[in-house]
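Nothing in this text is a laboratory measurement; each read-out follows from the coordinates by a stated rule. In this text the structure is predicted, and so the values were computed from the model without any measurement. Cβ sites come from the backbone with ideal geometry, for glycine too, and all protein chains shown count toward neighbours.
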Amino acid sequence: MPTDIKLEIAATAARLVVEEGLEFGPAKRRAVRELGLSPRQALPDNDMLEDQVMDYLQLFCADTQPQELLALRRVALVWMERLSDFRPHLSGSVWRGTATRLSDIYLQLFCDDSKQAELALLDQGVRYEVNAVSGFRSETVDTLSIHSHCTALNEDIGVHLMVYDYDDLRGALLPDSRGRPVRGDIAALRQLMDNA
């Protein structure tokens, strides 16, 4: 049954997401290899994988993951406040609630001029690397990657600042296939933290 195979891929990928900090796409592809399936095998969608990640976390990480998630959200909030001029929105596993200490933080900045974010980091004495990644509409987006020390976890966390045009903000606020917000601003993050 194809659905059973997809569920097995999702379960294997969920373990890789939680235990190794892989992003969803690489985790699914590696799960296919680990299960000895054809590279052409149809993959589970992200909703199925996210459900499996939540199940895995509840089963194996219920005693540690909530504290790790809160620590990562606190680091994200600090950076969002530091970069508030650029309308930061948190996305990824730290936003969705599936992050562990192995997860990176993904912030999306919406700027009138893409160089403004770089200048703000330079003004604050922050070292960063520039990369290009695929954005939320599959376009190429400049990303400023930094390391930020998380005292609660006693380790450095990768923080990736994806720089979008201000005009992209409206499209960024569309919900996912389940009607949930895909990202949130400072107020939304604070509300998540208050309700945790």
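Go ahead and set up a Gaussian network model of the chain, Cα springs under 10 Å, then flag whichever of H149, H89, H160 fluctuates most.
Its mean-square fluctuation being the largest, the pick is H149.
Suppose the chain between A188 and L119 were pulled fully straight at 0.36 nm per residue; how much longer would it get relative to their current alpha carbon spacing?
22.2 nm
Measure out, as a whole number of angstrom, how far apart the alpha-carbon centroids of the range 61-85 and the range 120-194 sit.
Cα centroid of the range 61-85 versus Cα centroid of the range 120-194: 12 Å apart.
Gaussian network model of the chain, Cα springs within a sub-10 Å range: biggest mean-square fluctuation belongs to which of N131, N46, N154?
N154
For a quick check, take a GNM of the chain with Cα springs below 10 Å and name the residue from Q67, Q124, Q58 with the largest mean-square fluctuation.
Q124
In the neighborhood of L144, defined by Cβ-to-Cβ distances under 9 Å, what is the net charge if each Lys or Arg adds +1 and each Asp or Glu adds -1?
On the way: positive: none; negative: E118, E129, D142.
Residues near L144 contribute -3 overall.
Using 0.36 nm times the number of residues separating D156 and S38, minus their current alpha carbon distance, what extension gain do you get?
38.8 nm
Which residue, Q116, Q41, T64, has the largest displacement toward the positive end of the dipole of the chain when charges sit on each Cβ (Lys, Arg +1; Asp, Glu -1)?
Farthest towards the positive pole: Q41.
Using +1 at the C-beta of Lys and Arg and -1 at the C-beta of Asp and Glu, which of A152, S177, Y164 has the Cα lying farthest in the positive direction of the dipole of the range 138-196?
In the range 138-196, that residue is S177.
Quick one: net charge around L43, please, counting Lys, Arg +1 and Asp, Glu -1 for every other residue with C-beta under 13 Å from its C-beta. List each step's numbers first, then the result.
Numbers: positive: K6, K28, R29, R30, R33, R40; negative: E8, D45, D47.
Once positives and negatives cancel, what remains is +3.
Using the Cβ atoms and a cut-off under 14 Å, what net charge is assigned to the surroundings of Q52, where Lys and Arg are +1 and Asp and Glu are -1?
Once positives and negatives cancel, what remains is -4.
Please identify the trypsin sites (Lys or Arg not before Pro) of the range 130-196 that satisfy two criteria: DSSP loop assignment and at most 15 other Cβ atoms within 10 Å. Which are they?
Sparse-neighbourhood loop trypsin sites (Lys or Arg not before Pro): R137, R178.
Taking loop as defined by DSSP and a crowding limit of 10 other beta carbons within 10 Å, which GluC sites (Glu not before Pro) in the range 2-60 fit?
none
Evaluate the Debye formula for the range 112-183 with equal point scatterers sitting on the alpha carbons, no solvent, and hand back log10 of I(q)/I(0) at q = 0.12, 0.17 Å⁻¹, in q order, two decimals.
-0.43, -0.79
Would you mind ranking Y166, Y128, Y56, Y106 by Cβ crowding within 10 Å, fewest neighbours first?
Least crowded to most crowded, the residues run Y166, Y128, Y56, Y106.
So what's the Cα pair-distance distribution over the range 2-60, bin width 10 Å, in %?
All Cα pairs considered, the percentages come to 28, 59, 13, 0.
Mind pulling the per residue volume of the convex hull built on the Cα atoms of the chain? Å³ is fine.
129 Å³
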